[in-house]
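K.L.:
The structure under discussion is supplied below as structure tokens; questions concerning it will follow.
Any read-out appearing in this document is the output of simple, stated calculations on the displayed coordinates, not a laboratory observation. Given the structure is predicted, the values throughout are model-derived calculations rather than measurements. Here the Cβ positions follow ideal geometry from the backbone for every residue, glycine too, while neighbour counts run over all protein chains shown.
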Amino acid sequence: MTGLSLGEKLFIQGGIAQDLRTDGRKRLTYRPIYVETGVIPQANGSARVQFGGTDVIASVKAEIGRPNPMQPDKGKVMINVSCSPTAAPIFEGRGDEEVSAELTVTLQRCLLGGKSGAGAGIDPTSLVVVEGKVCWDLYIDGLVISSDGNLLDALGAAIKAALSNTGIPQVQVAADASGEDRPEVDISDEEFLQFDTSGVPVIITLTKVGRHYIVDATGEEESQMSSAVSISINRKGHICGLSKRGGAGLDHSVILDMISVARHVSEQLLNKLDSEISAAEAVQNEL
Amino acid sequence: MTGKGSATPATYSPSPTSRKGKPPAYKDGDLNWARPDGRGFQQCRPAYFRTGAVNAASGSAYVEIGNTKVIVSVFGPRESKKAMKYSDIGRLNCNVSYTSFSTPVRGQQLDHKEYSSMLHKALEGAIILESFPKTTVDVFALVLESGGSDLPIVISCASLALADAGIMMYDLVASVSVYSLGVNLVIDPISEEESYQDGSLLISYMPSRKEVTQLTVTGEWSTDKINEAMNICLDACGKLGEIMRMCLKEAASVSSEVNLGRPGGRLKGLQGA
């Protein structure tokens with residue numbers, strides 16, 4: 001999103017300073033959020049989320065796998081993001097690698113918790129079928145269809161919606177086979193288990209333009225940023241991950257202030273998302 | 001052959017399972033556990049810095065902190081590739097690589113792909129990119145031995161190498177990480193500790209300007225804990241910055257002589273907060 005004239009740049013910066021952005025929003029207001037669940041029938045769970053002109057899809061696929069020998073009581077969760085060239089021509093070929101890798105790493109940091117698994121949005125112990133032998137591998141794939149800023153928050157919201165849409169098939173382990181190295185399992189295609197997604201955090205990116213910070217920046221606004229901080233916060237108000245994106249240095253008191261602003265915003269966003277997700281689920285069930 | 005093979009004791013092989021599978025000294029609720037190398041919770045490892053490690057580079061630095069050994073070379077500024085668009089500010093190109101013998105098991109360096117972009121982010125806020133328009137500066141980091149806290153050490157070393165190369169910067173960047181385990185905050189983890197942490201926090205900081213250039217957090221943290229961890233890190237970064245500055249000063253003062261001395265400081269018993 002380059003090619004802005006000096007006048008346009010000053011207009012964006014001036015608007016943010018006066019708490020009236022180019023699309024009429026205040027600094028801490030989100031664009032309209034649209035959530036649709038169950039968009040990919042082949043996946044165990046999926047969701048499409050739109051923040052204004054930003055459009056992303058997340059899908060969750062579960063496969064039977066073996067737990068890591070170091071952590072026999074935990075299933076594995078993999079997150080991967082790709083950017084489609086339909087969103088922007090620069091994503092064609094290998095052009096999306098840099099953006100995709102950055103989004104993937106940040107999402108992993110924000111959703112999967114520490115090395116020991118503490119603080120993860122998805123409890124990895126709930127994915128184990130037989131300890132040390134059989135577990136579910138959860139593949140979470142994000143896809144950027146249309147990009148107009150704030151990709152990370154949209155992907156975070158889409159993953160949250162997709163996880164609450166996910167049903168993991170019930171698994172029966174043959175009783176006499178539990179001693180074997182590779183026990184035989186019977187995967188039910190009728191009974192599904194729902195995830196507890198109350199612990200999944202939301203990601204809030206605060207973009208600093210001039211002396212102020214804004215949420216849900218559009219592509220144009222992002223081109224004027226001096227720096228941005230993405231903070232993932234759960235229901236308890238705890239920080240589950242944080243990462244600073246490029247640009248200039250920040251005073252540490254500014255970062256602490258950003259964290260408190262993000263916590264305030266996160267409550268509203270969590271409530272908004274939860275109601276949107278349940279509304280989307282209700283629509284899906286009617287069909 | 002087979003019978004003999006089974007009778008003789010197994011040949012030595014540094015198996016990762018036997019090392020990492022060792023139960024940590026820490027147990028839930030236990031406040032007084034000891035770190036594997038006997039340090040205090042808020043005590044950094046001794047640091048040794050030295051500039052001018054590579055003759056061919058415009059600037060270079062070598063850092064040894066505990067078992068972690070890193071070498072960084074800076075090349076340029078050179079003309080940007082023709083394919084690049086015109087840019088009135090300079091470009092920074094960063095790359096972090098590991099030697100194949102840097103870890104106990106050969107070729108086991110996993111997910112370090114993001115280190116290059118994280119190094120870039122930590123440095124770009126400190127470099128005055130306007131001072132070399134249309135050109136590119138290359139920063140190549142090589143981790144000779146991975147002993148934990150690799151990324152913060154790479155960042156500190158890279159900023160020293162940039163200073164050695166005479167690239168204009170606002171300030172040196174010192175970087176430190178802490179990890180949380182139970183209720184404790186522990187600074188400058190070694191590899192063994194990194195594998196069982198509950199959460200980690202990494203700060204890159206410009207001590208004189210008092211600005212944070214990069215901050216990443218994983219795991220679940222309350223605000224108070226983040227605050228405490230940040231203060232510990234900032235304090236340690238300040239002290240690390242002093243040592244880096246000392247190393248640069250010494251290198252400058254002995255530059256007329258043959259540079260055989262050890263221009264570097266020893267950091268012992270660095271106490272946080």
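K.L.:
When we measure straight from the Cα of B:K113, which aspartates and glutamates land under 16 angstrom away, once same-chain ones fewer than 8 places off are left out?
P.N.:
A:D96, A:E97, A:E98, A:E102, B:D150
K.L.:
With axes computed from alpha carbons, what is the tilt in degrees of helix A:6-17 against the longest principal axis of chain A, rounded to the nearest 10 within 0 to 90?
P.N.:
70 degrees
K.L.:
Taking the range B:47-257 on its own, what percent of its Cα-Cα pair distances exceed 27 Å?
P.N.:
30 percent
K.L.:
Next question. What shape does the range B:182-243 take by its C-alpha gyration tensor, where a ≥ b ≥ c are the square roots of the eigenvalues and a/c under 1.5 counts as rounded, a/b above b/c as prolate, and the rest as oblate?
P.N.:
Numbers: a/c = 2.10, a/b = 1.51, b/c = 1.39.
Prolate, because a/c is 1.5 or more and a/b exceeds b/c.
K.L.:
Angle between the Cα long axis of helix A:97-111 and the longest principal axis of chain A, 0 to 90 degrees, nearest 10?
P.N.:
Computed tilt is about 70 degrees.
K.L.:
Determine, for B:V96, A:V134, the number of other Cβ atoms within 10 Å of each Cβ, and report the residues in order from fewest to most.
P.N.:
Details: B:V96 25, A:V134 20.
Listed from fewest to most nearby Cβ atoms, that is A:V134, B:V96.
K.L.:
Additional query: Take A:K244, A:K133 and order them by how many other Cβ atoms sit within 10 Å, fewest up front.
P.N.:
Working: A:K244 26, A:K133 19.
The order, fewest Cβ neighbours first, is A:K133, A:K244.
K.L.:
To the nearest µm²/s, what D does Stokes-Einstein give for the protein assembly as shown at 10 °C and 1.306 mPa s, using the Kirkwood radius over alpha carbon pairs as Rh?
P.N.:
Rounded to a whole number, D works out at 63 µm²/s.
K.L.:
Next up: Between A:L287 and B:R209, with labels modelled 7 Å along Cα→Cβ, what's the label distance in nm to one decimal, could you check?
P.N.:
Placing both labels 7 Å beyond Cα along the Cβ direction yields 5.1 nm.
K.L.:
Using Cα atoms only, what is the angle between the long axis of helix A:151-164 and the major principal axis of chain A, expressed in degrees (0 to 90) to the nearest 10?
P.N.:
For helix A:151-164, the angle is close to 30 degrees.
K.L.:
How many nm separate the modelled label positions at B:E192 and A:I90, each set 7 Å beyond the Cα in the direction of the Cβ?
P.N.:
Spacing of the two 7 Å Cα→Cβ label points: 4.6 nm.
K.L.:
Work out the mean other chain Cβ neighbour count within 10 Å for the residues of B:203-216 and drop it here as an integer.
P.N.:
4
K.L.:
Just want the ordering: A:V173, A:V261, B:V217, from fewest to most Cβ atoms lying within 10 Å of their own Cβ.
P.N.:
Listing A:V173, A:V261, B:V217 from fewest to most nearby Cβ atoms yields A:V173, A:V261, B:V217.
K.L.:
Taking only DSSP H segments of four or more residues, each worth -39500 (n - 2.57), what value at 222 nm results for chain A once the sum is divided by all its residues, to the nearest 500 deg cm²/dmol?
P.N.:
-9000 deg cm²/dmol
K.L.:
Just to confirm my numbers, what's the Cα centroid distance between the range A:89-114 and the range A:1-80 in Å?
P.N.:
12 Å
K.L.:
If you don't mind, another one. Would you mind classifying the range A:6-286 by shape? Square roots of the alpha carbon gyration tensor eigenvalues, ordered a ≥ b ≥ c; an a/c under 1.5 is rounded, otherwise it is prolate if a/b is larger than b/c and oblate if not. Please list the in-between numbers first.
P.N.:
Values: a/c = 2.16, a/b = 1.92, b/c = 1.12.
Prolate is the answer for the range A:6-286, as a/c is 1.5 or above and a/b outweighs b/c.
K.L.:
Below 8 Å, C-alpha to C-alpha, sequence gap of six or more: please give me the relative contact order for chain A in percent.
P.N.:
Dividing the mean separation by the residue count of chain A yields 21 percent.
K.L.:
Do the alpha carbons of any pairs in A:K76/A:K160; A:K26/A:K272; B:K69/B:K210; A:K133/A:K236; A:K26/A:K208 sit beyond 22 Å of each other, and which pairs?
P.N.:
From the list (A:K76/A:K160; A:K26/A:K272; B:K69/B:K210; A:K133/A:K236; A:K26/A:K208), the Cα-Cα distance tops 22 Å for B:K69/B:K210; A:K133/A:K236.
K.L.:
What shape does the range A:51-147 have by the C-alpha gyration tensor, where a ≥ b ≥ c are the square roots of the eigenvalues, rounded means a/c under 1.5, and otherwise prolate means a/b greater than b/c and oblate the rest? Don't jump to the answer; show the numbers that get you there.
P.N.:
Details: a/c = 2.59, a/b = 2.37, b/c = 1.09.
Prolate, since a/c reaches 1.5 and a/b exceeds b/c.
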